[in-house]
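Step one of this worksheet: look at the structure below.
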2 protein chains.
Amino acid sequence: MTNSVNRRVRASQKRQRLTAAAARVLHEQGVERTTLSDIAREADVPVGNVYYYFKTKDELVQAALSEHSAHLDELTGQLEQLADPRDRLKALIEAWIDRRDVAARYGCPTGTLAVELDKRADGILDAEAGAVIRRLLNWTERQFRELDLPKPADLALTLISGYQGMSLLANALRDPDIMTREGTRLLHWLDSLQVSDGHH
Amino acid sequence: MTNSVNRRVRASQKRQRLTAAAARVLHEQGVERTTLSDIAREADVPVGNVYYYFKTKDELVQAALSEHSAHLDELTGQLEQLADPRDRLKALIEAWIDRRDVAARYGCPTGTLAVELDKRADGILDAEAGAVIRRLLNWTERQFRELDLPKPADLALTLISGYQGMSLLANALRDPDIMTREGTRLLHWLDSLQVSDGHH
DNA sequence: GTCTATACTAAGATAGAC
DNA sequence: GTCTATCTTAGTATAGAC
């Protein structure tokens, strides 16, 4: 391995470390209360060096958003392996319930980020958080459509809205049980949906 | 009217103006991106003078939270005039739908505030936002209990969680229609709930 | 590519005149 | 009680040595 390749690998490692650290710390502390040194410390990179990889703080926020988006794609990708779309949606809800402690402490990563970014006058990044949520919404809608259920877009809206609502309440009241209670209700709701008979 | 009384009235007027301005601006811009001068300007009070009424920025945030809590009490108070608890809950949902444009632009005042305050390491104010939401949750639970419906606490959780979820999505996607679509669904859901027959 | 030292700015908070 | 001027801190960003 030549020196130049060696350096490039290390460089991208640091960039990756910074991105991962940003995703974690920004979720836990929020954008505004997180300083570049917080992220640098977490990634074990000197503060001033951050600017070699990211020209501004906003670029780091964007990288964190991409990271969350990738995590989401990974999750839905795994769920695709289930044959029945209804089972995929149920497994999604179960994944939410599994993460109840994180939700109660820090909320949904994308949801809380969206709330914070929407407060900014410069509408540079707020649309990006919305786009990640939109992706999940679209994936969910596809599952309902495959099930031949009427108004799949409305059903997707109800499911994702339910997730965001229960995450926010669990977080605001610091109560993971809320994730379990509402998650269970959503599972029953999914079961109750009847496939439309015949044509649509 | 003596001079001292005159001064006291003006003083409390300024305090009140600052509180009202804080409630509005903090909702629109968020806590972290709002400066004391933003609030002072909105209240037409010189910046340095703010500290005569509020010792710290946190005290202003707290005042804004109380203001939101009072607004909420006012709303539920008006709803109490309706005889049927179910009508009260429906009117609540209709009020949410009426405010769809504000929700799409800035989210639920209390919900977004709770998200932001929960990110803070110093757990001084985060519990307060939770308390306001808890008040609404309790009021809603009472309505369901008066209707003799089973598991009123769970029903209340579902309703308020639905509200927070649709507000967050409407905000993140900047789409007031989401408030209408999900609000309508919640209205139908309320209608579908059957009063338990006999004893409980 | 990596890191240190530092410039610059903004915002919270205070002192003190009126 | 009201307001101006200013202190202080903290955090983003840059310059430049290595």
Worksheet entry | Helix axis angle, B:177-192 relative to chain B longest principal axis, alpha carbon, degrees | 40 degrees
Practice prompt. Would you kindly work out, in nm and rounded to one decimal, the distances from the label point of residue A:195 to those of the same position in each other copy, ordered shortest first, with label points 7 Å along Cα-to-Cβ?
Written response: 3.9
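Let me spell out the model: positive unit charges on the Cβ of Lys and Arg, negative unit charges on the Cβ of Asp and Glu, origin at the Cα centre of the range B:3-192. What dipole size does that give, in debye rounded to 20?
On the way: 27 positive and 29 negative charges, 139 e Å.
For this selection, approximately 660 debye.
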Item to complete: Return one number: the angle in degrees, 0 to 90 and rounded to the nearest 10, between the long axis of the Cα atoms of helix A:152-172 and the longest principal axis of the Cα atoms of chain A.
Response: 60 degrees
Fill in: Cα centre as origin, Lys/Arg/Asp/Glu Cβ charges: the protein assembly as shown dipole, Debye
1480 debye
Worksheet item: How large is ³J(HN,Hα), in whole Hz, for each residue of the range B:17-24 in order, when computed from phi with the Karplus curve 6.51 cos²θ - 1.76 cosθ + 1.60 and θ = phi - 60°, using x for Gly and Pro?
Response: 4, 5, 4, 5, 5, 4, 4, 5
Worksheet, complete the sentence: Going residue by residue through the range B:80-85, the Karplus relation 6.51 cos²θ - 1.76 cosθ + 1.60 with θ = phi - 60° gives ³J(HN,Hα) values, rounded to whole Hz and with x marking Gly or Pro, of 4, 5, 6, 5, 8, x
Worksheet item: Got a sec? Charge dipole of chain B, +1 on Cβ for Lys and Arg, -1 for Asp and Glu; which of B:52, B:140, B:123 is way out at the positive end?
Response: B:52
Worksheet item: With axes computed from alpha carbons, what is the tilt in degrees of helix B:109-118 against the longest principal axis of chain B, rounded to the nearest 10 within 0 to 90?
Response: 70 degrees
Practice prompt. Would you kindly work out, in nm and rounded to one decimal, the distances from the label point of residue A:75 to those of the same position in each other copy, ordered shortest first, with label points 7 Å along Cα-to-Cβ?
Written response: 2.9
Worksheet item: Considering the dipole of chain B built from charges on the beta carbon (Lys and Arg +1, Asp and Glu -1) around the Cα centre, which of B:26, B:71, B:183 is farthest to its positive end?
Response: B:26
Worksheet, complete the sentence: Averaged over the residues of B:106-117, the number of partner chain Cβ atoms within 10 Å of each residue's own Cβ comes to 5
Worksheet item: Karplus couplings for the range A:28-41 from phi (6.51 cos²θ - 1.76 cosθ + 1.60, θ = phi - 60°), rounded to Hz, Gly and Pro as x?
Response: 6, 9, x, 5, 5, 8, 9, 9, 4, 5, 4, 5, 4, 4
Worksheet, complete the sentence: Under the 7 Å Cα-to-Cβ spin-label approximation, residue A:127 and residue B:127 lie apart by a distance in nanometres of 4.3 nm
Practice prompt. Starting from the Cα of residue A:101, step 7 Å along the direction of its Cβ; do the same at residue B:44; then give the gap between the two resulting points in nm.
Written response: 5.4 nm
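My understanding is that a pair violates if its Cα-Cα distance is over 21 Å; which of A:57/B:55; B:90/B:151; A:55/B:119; A:14/A:119 do that in this structure?
Too far apart for the 21 Å limit: A:57/B:55; A:55/B:119; A:14/A:119.
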Worksheet item: Hey, any idea what % of the protein assembly as shown's accessible area is carbon plus sulfur with a 1.4 Å probe?
Response: 49 percent
Fill in: Cα→Cβ-extended label distance, 7 Å offset, between residue B:15 and residue A:12, nm
6.2 nm
Worksheet, complete the sentence: Note: probe point = Cα of residue A:142 + 7 Å toward Cβ; backbone nitrogen < 12 Å; residues of the range A:77-103 passing the test are A:77-81
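The values are calculated or read from the model by the stated rules, or taken from the named source; none is laboratory data. None of the values given here were measured: they were computed from a predicted structure. Every residue, glycine as well, gets a Cβ built from its backbone with ideal geometry; the counts of neighbours run over all protein chains shown. Side chains included, ligands, DNA and RNA excluded: accessible areas come from the protein's heavy atoms. Shrake-Rupley method; radii C 1.70, N 1.55, O 1.52, S 1.80 Å.
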